[in-house]
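The values are calculated or read from the model by the stated rules, or taken from the named source; none is laboratory data. Just so it is clear, the model here is predicted, and its values are computed rather than measured. Glycine also receives a Cβ, built like all others from the backbone with ideal geometry; neighbour counts cover every protein chain displayed.
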Amino acid sequence: MQLFTVLGPLALAACCLVSPAAEKPNIIFVLSDDLAQGDVGCYGQKLIQTPNLDRMAREGTRYTQAYCGTTVCAPSRTSLMTGLHMGHSPVRANREIGAEGQLPLPAGTFTVAQLLKSAGYATACVGKWGMGMFDTTGSPLKLGFDHFFGYNCQRHAHSYFPKYLYNDDQRFELPGNDGNTKVEGKGAIYAQDLISAETLKFIRANRDRPFFLYHSITLPHGTFQINDQGIYKDKPWTEQQKNYAAMVTRLDSDVGRILALLKELKLDDRTLVMIAGDNGSSFNPTSELGRHFQQAANGMRGFKRELYEGGLRQAALARWPGVVPAGRVSDEPWAFWDFLPTCAELTGAKIPASVRTDGLSLVSFLKGGPAPKREYFYWELHESASLQALRWGDWKAVRNGPSKPIEIYDLKTDAAESKNLAAEKPDLVAKAEALMKFARVDDTNFPMRDGKPGAGKKAGAKKNAAKKKSG
Ligand SMILES: [Ca+2]
């Protein structure tokens with residue numbers, strides 16, 4: 001007892017010398033559905049206001065070559081959750097199952113939520129899931145999340161006025177909503193109001209312990225429904241243009257609410273906040289929205305459902321005062337499958353030896369160092385055709401079907417992927433072909449097949465109108 005009395009104050013003093021940054025940090029990953037680089041002010045957007053994301057870029061680091069898992073929802077999110085690229089991912093397309101839900105993550109899947117839960121984190125997914133209903137192996141509640149709130153199914157998330165959401169695995173009824181997935185949808189409660197409130201509630205409830213919040217916000221995914229056009233209401237724009245801009249700005253203001261709460265709770269200097277889009281812009285740069293907001297101005301080719309840079313590169317920011325350098329802009333590449341190993345290093349959590357990951361820890365990179373060196377990045381997407389893409393160094397290879405020719409681009413001199421160098425670089429074609437075999441294992445759910453790129457959504461349109469827009 002006497003010894004305790006003597007050591008007590010010393011132990012207390014030693015405890016207080018531990019800097020906040022040395023504690024296990026809170027981790028918040030805000031994943032926007034379909035937010036494009038060109039939507040955000042700090043990436044060059046002039047018409048849509050994103051003051052909170054712009055401030056986050058000033059207070060943290062902005063990445064110009066951050067890559068998603070692939071260019072539609074479910075597989076891209078699978079990569080973020082599992083640390084696997086599309087050559088090994090158990091989900092490589094949006095695959096609808098039954099009336100509600102997508103192809104579930106299979107039994108034995110290891111997620112970043114399980115990793116962080118093993119390190120003592122409180123964990124929540126708030127927003128949209130899309131990797132398995134609650135009665136399947138892909139339920140978020142079976143894969144490391146203590147709490148879920150929002151939409152499980154991607155098609156259900158097409159309505160911002162849904163008739164219900166889920167609180168954990170229980171239906172949370174919203175009787176004043178029509179559930180309409182067309183732009184005319186109406187209701188008493190805009191789903192994002194509840195989803196945003198739930199994120200703040202979770203942060204507040206877990207202020208005294210490390211937490212992981214995966215805030216998979218559905219904005220600005222179409223259907224372009226918004227309950228308030230806000231500062232765009234009187235603009236001389238089309239309704240669709242006003243709605244889209246208001247959705248991006250609403251996303252921005254909800255991120256601002258999270259940042260303000262962290263400040264209020266004095267969690268700022270021990271919370272890593274990251275935000276990214278899950279795939280490139282959802283509309284063609286030549287469409288009405290694309291032309292109006294000049295989304296092609298970021299100079300990239302392609303958009304959602306394509307494996308050119310416009311489909312793959314994300315708006316991505318990281319903020320952690322005192323740890324992530326303020327005002328840094330990094331042009332070095334990284335990808336969603338780096339998130340799980342990053343969380344492992346950041347928290348000391350152990351990835352089980354039996355678990356395969358394809359990513360590399362970004363901890364040193366986040367702190368201002370160079371990005372980890374790696375041999376290549378790899379992507380696939382299976383709609384009507386099986387698309388593949390690779391990047392190694394500044395070389396990019398795209399193949400729009402297993403029997404299609406491999407295209408080669410030099411991203412250093414041709415970020416727009418406008419000049420296919422395959423004819424003059426047969427050695428690079430051969431290397432890409434070998435890597436495209438090496439980087440992947442076959443999955444019977446996703447056989448390699450040729451077809452017209454992007455035709456899958458059209459081919460499925462008659463059978464299932466909702467399916468074409470999913471994810
Ligand atoms: Ca998406």
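Things to note:
- Search result, residues across the stretch 159-180 that are touching a residue at least 24 places away in the same chain (Cβ under 8 Å) and more than 14 Å from Glu100 (Cα to Cα): Tyr160, Phe161, Asp168
- Matching residues in the stretch 356-375 - criterion: being more than 20 Å from the chain's Cα centre (by Cα) and either free of Cβ contacts under 8 Å to residues at least 24 places away in the same chain or within 26 Å of Lys404 (Cα to Cα) (or both): Ser364, Gly369, Lys373, Arg374, Glu375
- Leu47 touching a residue at least 24 places away in the same chain (Cβ under 8 Å), assigned to a loop (DSSP other than H, G, I, E, B) and surrounded by fewer than 24 Cβ atoms within 10 Å (Cβ to Cβ): yes
- Residues in the stretch 301-323 that are more than 16 Å from the ligand (Cβ to nearest atom) and under 20 Å from Gly471 (Cβ atoms): 2 in all.
- Of all residues in the stretch 287-325, those satisfying the criterion of being of a type in the set (S, T, N, Q) and over 15 Å from Ser76 (Cα atoms) are Ser287, Gln294, Gln295, Asn298.
- Residue satisfying condition, being at pLDDT below 95, assigned to a helix (DSSP H, G or I) and either in the same structural domain as Asp338 (by TED's automatic domain parsing) or within 16 Å of the ligand (Cβ to nearest atom) (or both), within set Gly38, Gly98: Gly38
- Selection over the stretch 291-300 of residues that are more than 16 Å from the ligand (Cβ to nearest atom) and under 27 Å from Ala93 (Cα atoms) gives a count of 4.
- Some residue of the stretch 230-239 being outside any helix (DSSP H, G or I), β-branched (Val, Ile, Thr) and farther than 29 Å from Pro75 by Cβ: yes
- Here Val329 meets the list (1) under 17 Å from the mean Cα position of the chain (by Cα); (2) part of a strand (DSSP E or B); (3) away from the ligand (no atom under 16 Å from the Cβ) almost entirely, failing just condition (1).
- Qualifying residue in the stretch 228-244 (condition: of a type outside the set (Ser, Thr, Tyr) and at positive phi): yes
- Search result, residues across the stretch 52-90 that are among the charged types (D, E, K, R), more than 14 Å from the ligand (Cβ to nearest atom) and in a helix (DSSP H, G or I): Asp54, Arg55, Arg58, Glu59
- Scanning the stretch 140-162 for residues that are closer than 22 Å to Ser32 by Cα, buried (at least 18 other Cβ atoms within 10 Å of the Cβ) and of a type in the set (D, E, K, R) turns up at least one hit.
- Pro236 vs. criteria without any contact (Cβ under 8 Å) to a residue 12 or more places away in the chain and not hydroxyl-bearing (Ser, Thr, Tyr): yes
- Any hit, the stretch 402-416, residues being part of a loop (DSSP other than H, G, I, E, B), under 30 Å from Arg155 (Cα atoms) and at pLDDT 95 or above: yes
- Among (1) within 16 Å of the ligand (Cβ to nearest atom); (2) more than 18 Å from Ser281 (Cα to Cα); (3) in contact with a His (Cβ under 6 Å, 6 or more places away or on another chain), the one test that Ala93 misses: (2)
- Within the option set Leu381, Leu390, being of a type outside the set (S, T, N, Q), closer than 23 Å to Tyr63 by Cα and in a strand (DSSP E or B) holds for one residue only, Leu390.
- Total residues in the stretch 187-224, condition part of a helix (DSSP H, G or I), of a type outside the set (Val, Ile, Thr) and under 20 Å from Lys24 (Cβ atoms): 3
- Residues of the stretch 273-286 classified as of a type in the set (A, V, I, L, M) and either surrounded by fewer than 21 Cβ atoms within 10 Å (Cβ to Cβ) or within 16 Å of the ligand (Cβ to nearest atom) (or both), total: 2
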